[in-house]
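Undergrad: Sharing a structure here in structure tokens format.
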Amino acid sequence: QVQVVESGGGLAQPVGSLRLSCTASRSIFSINYMGWYRQTPWKERELVATIARDGIKNYADSVKGRFTISRDNAENTVYLQLNSLKPEDTAVYYCKVVLVTKYAYWGQGTQVTVSS
């Protein structure tokens, strides 16, 4: 079992910024990749960004150039920097941890609301 804890959501104004954090209770070296996904009541959960074991990053087209995913291996933590926020970025953001064994674990989600 892996505990996945997210933090950092909240309210931001359009063109503002937020930073999300996701900490896994397992060593980063047993993790295949970690990523952020988001969901709204009217859309299925969608990929936002992932960072793989080898450091390769992947972004949804809608967030490229605005969001940045990074990690701190020592803290088993992945960050998502959200810049130039838009109202359509409003969603519950979930962290996903996929182990090298292919088991996947989700966090409880953190709300991001972009509104003036």
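The values are calculated or read from the model by the stated rules, or taken from the named source; none is laboratory data. On a predicted model such as this, the values are computed, not experimentally measured, just so you know. Neighbour counts run over all protein chains shown; Cβ positions are idealised from the backbone, glycine included. Accessible surface is based on the protein model in full, side chains and every heavy atom, while ligands, DNA and RNA are left aside. Shrake-Rupley method; radii C 1.70, N 1.55, O 1.52, S 1.80 Å.
Undergrad: Could you tell me the center-to-center distance, by alpha carbons, between the stretch 35-71 and the stretch 78-110 in angstrom?
TA: Answer, in whole Å: 7.
Undergrad: From zero up to wherever the largest Cα-Cα distance of the chain sits, split into 10 Å bins and tell me the percent of pairs in each.
TA: Result returned by the calculation: 15, 50, 29, 6, 0.
Undergrad: If Lys and Arg each add +1 and Asp and Glu each add -1, what is the summed charge of the other residues whose beta carbon sits under 12 Å from the beta carbon of residue 49?
TA: The answer is +4.
Undergrad: Moving on to the next point. Please report the relative contact order for the stretch 69-115, taking Cα pairs under 8 Å with a sequence separation of at least 6, and give it as a percent rounded to a whole number.
TA: The value is 33 percent.
Undergrad: Ok, one more. Set the Förster radius R0 to 25 Å, insert the Cβ-Cβ distance between residue 83 and residue 30 as r into 1/(1 + (r/R0)^6), and round the FRET efficiency to 0.05.
TA: E between residue 83 and residue 30, to the nearest 0.05, is 0.20.
Undergrad: Of the chymotrypsin sites (Phe, Trp or Tyr not before Pro) in the stretch 1-97, which ones lie in a loop per DSSP and count no more than 14 other C-beta atoms within 10 Å? Kindly include the intermediate steps, with their values, before the conclusion.
TA: Working: sites: 29, 33, 36, 37, 42, 59, 67, 79, 93, 94; in loops: 42.
Answer by residue number: 42.
Undergrad: Can you pull the percent of the chain's accessible area that's carbon plus sulfur, 1.4 Å probe, other chains left in place? Show your work: numbers first, answer last.
TA: Values: 3050 of 6160 Å².
Its accessible area is 50 percent carbon and sulfur atoms.
Undergrad: Something else now. Near residue 64, which aspartates and glutamates are there with a Cα under 19 Å away, not counting those fewer than 8 places off in the same chain?
TA: Partners found: 46, 88, 89.
Undergrad: With the contact rule set at Cα under 8 Å and sequence spacing of 6 or more, what percent relative contact order holds for the chain?
TA: It rounds to 37 percent for the chain.
Undergrad: Which value, in Å², gives the accessible area per residue of the chain when a 1.4 Å probe is used on the protein heavy atoms?
TA: Value returned for the chain: 53 Å² of accessible area per residue.
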